[in-house]
């Protein structure tokens, strides 16, 4: 059996499943710094990467971890880091460097409750907006939110595929409860796993940031005489700094458009009993599991409820939510209203909000109460 | 005085000539150091196609934009970890970090000591102009005591880092310090640094007439060079801890440390991926690790001038 894809059924935590997903996706470089509740991702990578010819480095901090994976990605390796809130905050500047230089990497953020040190060992979902807006400037974010260890595996592969497809850092926005949850994870054989690899620039005379029709420029290899220059400064198609409004408009416009124009390719959600629902609960991550139970309980009580689960949080599925906006809405999340803002923007009305500051998942009854309030 | 115009420069093949003129001020020392670096590269026959320059933010950080090799201009302070990641992923490439004192030792201070500790096989060229030039001349962790900067208008009350001492103690394999006046010797040191397997560090004291000299009675670039001429004492293999720089006092320049080569960080990371390492007992793995450990006790004796032998 090959070491890179551990085909079969396993009993894994979400953190470990994410690490296995990364390896299955072809990740061969990991740089990270220990932080609860994500350390198990690093621990698994430390053990597993050497077995598959990969490099693991425990860096001196999260700033270094993020910088190191960008360097490794330019070195031609699929690279990942994993962290939680405080470390995610520290990574924000180089997350921006990744966006600006169009560097494919994956950042796993196993969310805990903040702000600051907050509840290091306990659940939070408060980094939704940070994942979208955490680094300065104008850009589009891609963030996925798994609800189970199986999805941690599947979505880490998808995160790499999106990173490689769009040449952009992609965030796997897990949460502590999913990260520490143990469940069956089925790892399929290699031929059943779809892998996307970055386009490689072959023509040395082509400008390195000249995009293809899909607005994504092929990535030049290093050490092969291309003589590329890569900078976090606003740059022209040659990659050279160009400090003016015109280049800013063109280049930053493109790195936004390359995602905006293809957002439909990325957007992903699950609809559970939504068709005839009079009230729809929007949730993601561990909260979606409580919400699913609440929907079933509501149905048992004669309320036609449904669940709209965000599998991809960014880009946000505004179009679909707008189509459903004739229904009543409940938003449940472990923060004080982050996805809520986007839902209300899409449905153009208020939703009932069932929030928690963090520390524990919702009880289904808490969400059920929200459903009952929405249909009152 | 006549102005000599030339269409070409001997180092043109290493430069993105289409990017010139550069951003540096008249009288700045960075060009002198970059010239020495490129000549050293040429001298040892280092293939620019297999060479990477990584820089951070600041005046020196802009060097990466002018060299005709794969080059990365990263974020403030993070050139080293970017380079460490790149070098670990691609040990076949020569990786140099070319950046300034503020970038490498203030905001990036944590990274450089860890890269030295790990003996990452990269070369770091640190141009120390005692200030933040790009942002207009603020206090740096290298500003001499009494130095006037825009954020130490009454004179710097802080003690500066002794960069050579700090990096030697952190575990570097090669440490030298020169000034923008000692171009030939600098070139020689850069040749050695580039050839060295392991973490090599070359500090170059340099003039910044615009942002630092102007406020510190060295308005003319030559004033700083004269200062270097007056106070720099060339001595090799002095204990780097004695490399402290005090205002208006002699200071040491030279090669502080040229340690025996030892396995690099990347050598060890890649060893971990080999089947014969993985599929043995932990006792044998530990044996390999001890066999390939860095001999910091030897390094300490060399640094303190007691010699490499017991």
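In bins 10 Å wide, starting from 0, what share of all Cα pairs of segment A:60-128 does each bin hold, as a percent?
Percent of pairs per bin, in order: 22, 49, 23, 5.
Rounded to the nearest 10 degrees, what's the angle between the helix A:62-74 long axis and the longest principal axis of chain A, both from Cα atoms, 0 to 90?
Approximately 60 degrees, to the nearest 10.
Given a 10 angstrom Cα cut-off, can you work out which residue in B:286, B:180, B:99 is the most mobile in a GNM of chain B?
B:286
Tell me, in nm to one decimal, what length is gained between residue A:236 and residue A:268 on full extension, where the rule is 0.36 nm per residue of separation less the Cα-Cα distance?
8.2 nm
Compute the distance from the alpha-carbon center of segment B:203-237 to that of segment A:331-366, in whole Å.
61 Å
Give the separation of the Cα centroids, segment B:117-143 to segment A:245-290, in Å.
43 Å
Give the angle, between 0 and 90 degrees and rounded to the nearest 10, that separates the Cα long axis of helix A:39-48 from the longest principal axis of the Cα atoms of chain A.
50 degrees
Starting from the Cα gyration tensor of segment A:270-375, multiply each eigenvalue by 5, take the square root, and state the resulting semi-axes largest first in whole Å.
With the √(5λ) rule applied to segment A:270-375, the semi-axes are 18, 17, 12 Å.
If you average the sequence gap of Cα pairs under 8 Å that are 6 or more apart and divide by the length of chain A, what percent do you get for the contact order?
17 percent
If you take the C-alpha gyration tensor of segment B:12-258, multiply each eigenvalue by 5 and take the square root, what semi-axes do you get, largest first, in whole Å?
Taking √(5λ) for each eigenvalue gives 26, 20, 17 Å, largest first.
Translational diffusion coefficient of segment A:8-192 at 25 °C, 0.890 mPa s, Stokes-Einstein with Kirkwood Rh over Cα pairs, in µm²/s as a whole number.
It comes out at roughly 157 µm²/s.
Calculate for chain A the 222 nm mean residue ellipticity that helices alone would give, adding -39,500 (n - 2.57) per DSSP H run of length 4 or more and normalising by residue count, nearest 500 deg cm²/dmol.
Helix-only estimate at 222 nm: -10500 deg cm²/dmol.
Grab the DSSP H runs of chain B that are 4 residues or longer, score each as -39,500 (n - 2.57), total them, divide by all residues and round the 222 nm result to the nearest 500 deg cm²/dmol.
So the helix-based figure for chain B works out to -9000 deg cm²/dmol.
Take every Cα-Cα distance within segment A:1-116, group them into 10 Å bins from 0 onward, and report for each bin the whole-number percent of pairs it holds.
15, 48, 30, 7, 0
How long is segment B:1-122 along each principal axis, judged by its Cα atoms, biggest number first, in Å?
Extents along the principal axes, in whole Å: 51, 30, 21.
Suppose we keep just the DSSP beta bridges with both residues in segment B:35-189; what percent of those would be antiparallel, to 5?
The antiparallel fraction comes to roughly 20 percent.
Between the helical axis of A:14-25 and the dominant principal axis of chain A, each derived from Cα atoms, what acute angle in degrees is found, rounded to the nearest 10?
Computed tilt is about 40 degrees.
Which one, B:94, B:248, B:128, has the greatest fluctuation when you compute a Gaussian network model over chain B with C-alpha springs under 10 angstrom?
B:248
With just the Cα atoms of the protein assembly as shown, tell me how far they stretch along each of the three principal axes, in Å, largest first.
The principal-axis extents, from largest down, are 93, 61, 52 Å.
List, largest first, the extents of the alpha carbons of chain A along their principal axes, each in whole Å.
The principal-axis extents, from largest down, are 69, 49, 41 Å.
Considering only A:155, A:273, A:45, give the residue with the highest GNM mean-square fluctuation for chain A, with springs between Cα atoms whenever their separation is below 10 Å.
Per the Cα network of chain A with a 10 Å cutoff, A:273 tops the list.
Would you mind getting the Kirkwood hydrodynamic radius of segment A:171-276 from its Cα pairs, rounded to one decimal in Å?
It works out to 17.9 Å.
For segment B:47-185, what does the relative contact order come out to in percent, with C-alpha contacts under 8 Å and a separation of six or more?
Result for segment B:47-185 is 19 percent.
No lab work stands behind these numbers, since they all come straight from the coordinates. Computed from a predicted model, the values in this text were never measured in an experiment.
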